[in-house]
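The values are calculated or read from the model by the stated rules, or taken from the named source; none is laboratory data. Quantities reported herein were computed from a predicted structural model and do not represent experimental measurements. Every residue, glycine as well, gets a Cβ built from its backbone with ideal geometry; the counts of neighbours run over all protein chains shown. Note: areas computed on protein heavy atoms with side chains; ligands, DNA, RNA excluded. Shrake-Rupley method; radii C 1.70, N 1.55, O 1.52, S 1.80 Å.
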Amino acid sequence: FTMSSSFFIKNKENHKKGKSPAVSKRKLNNTNPKHNEEISSDSETESSAVPKKRQPSEEIEYEETPQEKKLRLAKLYLEQLKEEEEKRAEEESFESDLIAGRLQEEVVRNLIAPDASEIRVLRGHKLPVTCLVITPDDKCIFSAAKDCSIVKWDVESGKKLHTIPGGRKGTEDRHVGHTAHILCMAMSSDGKYLATGDMNKLIMIWEAETCKHLYKFTGHKGPVSGLSFRKGTHDLYSASHDRSVKVWNVDENAYVETLFGHQDAITGLDSLSRERCVTAGGRDRTVRVWKIAEESQLVFYGHEGSIDCIQLINEEHMITGADDGSVCLWSVNKKKPLSTVKQAHGCHGDAGLEQPHWVASVAALQNSDTVASGSHNSQVQLWKCSQNYRGLEPLFSVPVSGFVNSLKFSSSGQFLVAGVGQEHRLGRWWRLKDAKNGIYIIPLKRKPPTQEEVND
């Protein structure tokens, strides 16, 4: 597979549409990282000011002194060492992920559907649940909803551990928390930070252990629709309906850079260990892989409708869902899907006017061959990726009434959590009155091993 120039953001597509090519704006704020401090990326970067014409300058030639040459070569050597170190760290991370993948494959083998009576429902949000995360130790769940609240749950007991209430519109100056629908959340891989994003263009950073508010990040010019921490770091990637991806350093309470490329609102974002993230571009019908360090991106096409959700399975493969009812399986090395399941959740409507159920959420058990998708057809569907990720085979479905707005597998692969509501997380196109706004904890059961498998 070769990367053509048209495959990158620095392509003719943006010039045709009057967009500036591959734009990345870097800035690191040297701020005093006090708690509750507001950091903004409102930048000269997105202004439409016309730059001044460059004044012609005369070229000045000078001879390099031995000391200057020695300094230049030393800097070059240090840069090469840094690049080699980063490459080695990335390779080690990828190898450890592959080993983890082999272990996960053992864990997920022989999955069977749970009994409906074994599914637990946690009620606590007044309005539809829009997003959730599970802590790395699988002991707690954080969920958020259109009621602007955040709830921390204990997995074992199902009890609420903490609630961060939502505030009313207009109380932003005095309310600690969100005052608009929360659309996305992410947790750092060490469990230290929780990040949440809302319709008010705000990102809030919380201390996960205590639910204490730390920082507020501003700068997006549209609702914040995707958040993900780079695994093993406190670097945070955010995506927005303003079509941009931003990079933040939470430890430093700092904005780093902004990346542009999507032609429509970004609806989802994910990342793993590499210095890159993946995004779903809604109605521009593209999936993009952003190479942060290189300030470039790869563009992928496959869905016929708005791509509403995305999740990485491992560093090389990802899964997406769209409102055309399809689920696609991708390799980051091929710009077309490896496999597409159309009408993955069936259709609804009168005869002759059937429409596919929109796919509202997808999830992947990292480094395994098991993925899941959610819609509003009263079922969560589990899938198995066939050998070499060439296809998707249905495993079983789990009854869940309502819009499945968020799905997450536990790290151990022992359970799957669904965030459910009476409405779709991004709008109010339908309302399912019989559905319950809540968290569904779905145990993942396994067939007992056969005698042959035991002997092996």
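Taking only the stretch 227-268 into account, find how many residues are surrounded by fewer than 23 Cβ atoms within 10 Å (Cβ to Cβ) and not in a strand (DSSP E or B).
Residues that pass the stated criteria total 15.
Would you mention how many residues in the stretch 351-401 are in contact (Cβ under 8 Å) with a residue 60 or more places away in the chain, open to solvent by 10 Å² or more (accessible area, probe 1.4 Å), over 17 Å from A116 (Cβ atoms) and polar (S, T, N, Q)?
Within the stretch 351-401, residues that are in contact (Cβ under 8 Å) with a residue 60 or more places away in the chain, open to solvent by 10 Å² or more (accessible area, probe 1.4 Å), over 17 Å from A116 (Cβ atoms) and polar (S, T, N, Q) number 2.
Could you run through the stretch 290-331 and say how many residues are over 18 Å from the mean Cα position of the chain (by Cα) and in a strand (DSSP E or B)?
Adding up the residues that qualify gives 2.
What are the pairs, 6+ residues apart or on separate chains, where a residue within the stretch 431-443 that is within 25 Å of L111 (Cβ to Cβ) has its Cβ under 6 Å from a residue that is among the charged types (D, E, K, R) and at pLDDT 90 or above?
Every condition considered, the pairs that remain are G438/R123; I441/R120; P443/E118.
When you go through D323, D308 one by one, which is the residue that is of a type in the set (D, E), in contact with a strand residue (DSSP E or B) (Cβ under 7 Å, 6 or more places away or on another chain), in contact (Cβ under 8 Å) with a residue 60 or more places away in the chain and crowded, with 20+ Cβ neighbours inside 10 Å?
It is D308.
I'd like the full set of residues that are assigned to a loop (DSSP other than H, G, I, E, B) and either among the aromatic types (F, W, Y) or surrounded by 15 or more Cβ atoms within 10 Å (Cβ to Cβ) (or both), limited to the stretch 332-342.
V332, K335, P337, L338
For the stretch 160-225, which fully contained strands (runs of 3 or more DSSP E) count at least 3 residues that are farther than 18 Å from K408 by Cβ?
Fully inside the stretch 160-225 and qualifying: 160-164, 203-207, 212-218.
With the requirement that a residue be within 16 Å of the chain's Cα centre (by Cα), among the aliphatic types (A, V, I, L, M) and closer than 19 Å to E172 by Cβ, what does the stretch 186-203 give you?
Scanning the stretch 186-203 gives A195, I203.
Counting only residues that are under 30 Å from V362 (Cα atoms) and at pLDDT 70 or above, give me the strands (runs of 3 or more DSSP E) lying completely in the stretch 32-145 with at least 3 of them.
120-122, 129-134, 140-145
Quick grid of which residues meet (1) modelled with pLDDT under 95; (2) in contact with a Cys (Cβ under 6 Å, 6 or more places away or on another chain); (3) not in a loop (DSSP other than H, G, I, E, B):
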| residue | (1), (2), (3) |
| --- | --- |
| L382 | no, no, yes |
| N388 | yes, no, yes |
| S401 | yes, no, no |
| L407 | no, no, yes |
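Looking at the stretch 168-226 only, could you name the residues that are among the β-branched types (V, I, T) and open to solvent by 30 Å² or more (accessible area, probe 1.4 Å)?
Our first condition is that a residue be among the β-branched types (V, I, T); within the stretch 168-226, this holds for 171, 176, 179, 182, 196, 203, 205, 210, 218, 224.
Hits for the stretch 168-226 are V176, T210.
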